[in-house]
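The values are calculated or read from the model by the stated rules, or taken from the named source; none is laboratory data. Bear in mind that the values here come from a model prediction, so they are computed numbers and not experimental data. Heads up, the Cβs are rebuilt from the backbone with ideal geometry, glycines too, and the neighbour counts pull from every protein chain shown. In case anyone asks, the SASA skips ligands and DNA or RNA and just uses the protein heavy atoms, side chains included. Shrake-Rupley method; radii C 1.70, N 1.55, O 1.52, S 1.80 Å.
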Amino acid sequence: MSVVTRFAPSPTGRLHVGNIRTALHNFLFARKNGGTFILRIDDTDAVRSTDEFDLAIRDDLDWLGLSPDKLVRQSERFPLYEREFEKLKKAGRVYACYETPEELELRRKVLLGRGLPPVYERKPAGAPAPQGRAPHWRFRLDHDSPIAWTDLIRGEQKFDPKLLSDPVVRREDGSWLYLLPSVIDDVDLGITHVVRGEDHVSNSAAQIQMFEALGSRPPMFAHEALLVAAEGKLSKRLGSYGVEHLREEGVEPMALLDVLARIGTSQPVEPIASLDELAESFDFSTFGRAPAHFDPHEVELVNGRLLHRLEFAAVAGQLPATASEQDWLALRGNLQRLGDFAGWQQVLHGEIDPPELGHDERLLVKEAASIAGRLDWSAEPWRALADELKQTTGKKGRELFHPLRLALTGRESGPEMAGLVQQIGKERAVRRLEAAAKR
């Protein structure tokens with residue numbers, strides 16, 4: 001069986017970390033199995049769906065590296081839904097209902113008050129339709145057939161259809177709700193695996209019967225635990241944490257994807273540089289049932305660790321044109337954002353303002369300038385400079401290295417000085433030491 005998965009966002013807003021995670025898991029499972037990843041734009045809500053968000057979703061997925069193998073839009077598939085709906089109507093699996101929302105809510109409260117489950121009560125066959133009222137349509141669940149499936153994450157799942165309300169699939173105005181068009185699409189597109197949040201488990205129970213009513217075998221289901229923050233269910237703050245935020249902050253796409261691929265599983269979160277490598281280890285058997293805790297700070301940490309491992313070829317296209325591989329190797333170990341590189345490249349090859357040093361520190365860097373001027377810069381200039389300064393001044397540790405770092409880089413901390421000094425070069429290093437000694 002060729003694996004086919006789908007990600008089905010509504011174009012009513014930007015992607016955030018929760019639905020990015022769903023897209024990622026569908027993508028990784030398809031990639032691991034040599035399958036197909038489909039993007040289905042669920043734009044049946046003509047009022048709230050916009051072309052702007054449609055474009056933004058596709059752009060965000062491309063930036064993340066999660067470009068789909070195929071794109072479909074539900075708004076272009078209405079004739080297919082209509083045909084399948086008519087088949088279900090003739091088979092008696094969808095039926096017209098006329099209650100108003102107020103009537104349904106009142107009945108729900110009555111049932112709850114009696115200690116009964118608030119399940120929709122079907123009207124007797126042949127009950128007259130109220131005059132002047134358009135119907136909405138419900139799917140008739142088969143009460144004689146228990147619903148059961150083996151979930152790839154949650155294991156054995158069982159539902160008694162008598163405890164489920166017949167779901168509304170079409171509104172009074174003829175517009176579609178989510179459940180039935182989604183099933184029709186899954187059948188038509190050959191979806192083999194539906195990967196989504198555990199809040200859809202009861203939807204899956206109803207949809208399994210829809211698949212069967214349409215003469216199709218249901219796909220496999222994987223319902224993953226929901227993403228939560230420390231304060232509980234995914235907050236508005238995290239709900240806005242998405243591609244737009246990452247781009248503004250200069251965070252690498254793979255840093256977010258590395259975190260989202262592993263949180264909530266038994267696998268460690270690690271800086272992995274490619275989606276192919278991430279896909280190799282993707283396994284639903286490692287997913288837990290407990291909520292997956294998302295911490296933006298973890299993304300920041302992984303971002304730094306990821307940059308520290310990247311080879312120059314992987315980032316060259318995102319660096320200034322003047323950047324060399326030697327520059328990258330000297331700087332990458334201290335970068336937290338790729339955008340920080342340009343500032344450090346200025347330290348290597350540009351000019352810096354001489355720092356303000358104390359009297360003893362100025363004497364130290366003056367001596368350092370004298371030593372640096374006669375060193376062989378092709379060997380290990382930083383080691384040679386530090387060793388000779390220790391002998392001539394008797395200083396060591398922070399007392400020795402801190403003023404040298406300030407004089408040579410203008411910064412309190414940063415990458416290993418050995419690599420920096422080599423790239424700064426002899427002439428520039430001597431000039432900076434002399435300038436710091438005179439200030």
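Considering only the other residues whose Cβ falls under 12 Å of the Cβ of residue 35, what net charge follows from Lys and Arg at +1 and Asp and Glu at -1?
Once positives and negatives cancel, what remains is +3.
Any chance you could look up the accessible area of residue 77 with a 1.4 Å probe, heavy atoms only, rounded to 10 Å²?
Spelled out: residue 77, probe radius 1.4 Å, area about 40 Å².
Assign unit charges at the C-beta atoms only (+1 for Lys and Arg, -1 for Asp and Glu), then state the dipole size of the chain relative to its Cα centre in Debye, rounded to the nearest 20.
The dipole magnitude comes to about 740 debye.
Taking the alpha-carbon distance from residue 32 and a cut-off under 20 Å, which lysines remain once sequence neighbours fewer than 8 residues away in the same chain are dropped?
List returned: 70.
Could you please report the charge total around residue 343, scoring K, R as +1 and D, E as -1 over all other residues with beta-carbon less than 11 angstrom from its beta-carbon?
Around residue 343, the charge tally is +1.
Put one equal scatterer on each alpha carbon of the chain, apply the Debye formula with no solvent term, and list log10 I(q)/I(0) at q = 0.12, 0.13 1/Å to two decimals.
Rounded to two decimals, the profile gives -1.03, -1.15.
Using only the Cα atoms, what convex hull volume per residue in Å³ does segment 1-131 have?
Roughly 208 Å³ of hull volume per residue.
Helix 78-90 versus the longest principal axis of the chain: what angle, 0 to 90°, nearest 10, using Cα atoms?
40
Give me the angle, in degrees from 0 to 90, between the Cα long axis of helix 253-262 and the longest principal axis of the Cα atoms of the chain, rounded to the nearest 10.
The helix 253-262 is inclined about 60 degrees to the chain.
Identify, among 88, 66, 187, the residue whose Cα sits farthest towards the positive end of the charge dipole of segment 59-211, taking +1 on the Cβ of Lys and Arg and -1 on the Cβ of Asp and Glu, with the dipole about the Cα centre.
Final value for the positive-end residue is 88.
Tell me the angle of helix 201-213 to the major Cα principal axis of the chain, expressed in degrees between 0 and 90 and rounded to the nearest ten.
50
With each pseudo-label sitting 7 Å past Cα toward Cβ, what's the residue 267-residue 144 distance in nm, one decimal?
Distance between the two pseudo-spin positions: 4.5 nm.
Run the quick spin-label model on residue 104 and residue 217: label points 7 Å from Cα toward the beta carbon, then report their separation in nm to one decimal.
My value for the distance between the label points is 3.4 nm.
Using a 7 Å offset from the Cα along the Cα-to-Cβ direction at both residue 173 and residue 316, what is the distance between the two label points in nm, to one decimal?
About 5.6 nm separates the two model spin labels.
Using alpha carbons only, what's the Rg to Rh ratio of segment 264-315 with Rh from Kirkwood?
Rounded to two decimals, Rg/Rh equals 1.02.
If you wrap a convex hull around the Cα atoms of segment 242-328, how much volume per residue is inside, in Å³?
Per residue, the Cα convex hull of segment 242-328 comes to 104 Å³.
Compute the length gained on full extension between residue 76 and residue 396: take 0.36 nm times their separation in residues and subtract their Cα-Cα distance, giving the result in nm to one decimal.
In short, 107.9 nm is gained.
At a Förster distance of 51 Å, what's the computed FRET efficiency of residue 438 paired with residue 247, Cβ-Cβ distance as r, to 0.05?
E(calc), rounded to 0.05, equals 0.75.
Work out how much length residue 119 to residue 305 would gain on full extension: take 0.36 nm times their residue separation and subtract the Cα-Cα distance, in nm to one decimal.
61.8 nm
With a 10 Å cut-off between alpha carbons and a GNM built on the chain, which of 13, 358, 419 moves the most?
Evaluated over the chain, the most mobile residue of the options is 358.
Which of the listed residues, 359, 393, 257, is farthest toward the dipole's positive end in the chain, when Lys, Arg count +1 and Asp, Glu count -1 at the beta-carbon?
It is 257, whose Cα lies furthest towards the positive end.
Sorted from largest down, what three extents in whole angstroms do the Cα atoms of segment 260-381 have along their principal axes?
Per principal axis, max minus min of the Cα coordinates gives 65, 32, 24 Å.
Report the one residue of 435, 404, 421 whose Cα lies farthest in the direction of the positive end of the charge dipole of segment 387-439 (charges on C-beta: Lys and Arg +1, Asp and Glu -1; origin at the Cα centre).
Value: 435.
Roughly how many debye, to the nearest 20, is the charge dipole of segment 313-384 about its Cα centre, given +1 on each Lys and Arg Cβ, -1 on each Asp and Glu Cβ, and no other charges?
Charge dipole of segment 313-384: 160 debye, to the nearest 20.
Can you give the translational diffusion coefficient of segment 312-439 in µm²/s, computed by Stokes-Einstein from the Kirkwood radius over Cα pairs at 4 °C and 1.567 mPa s?
87
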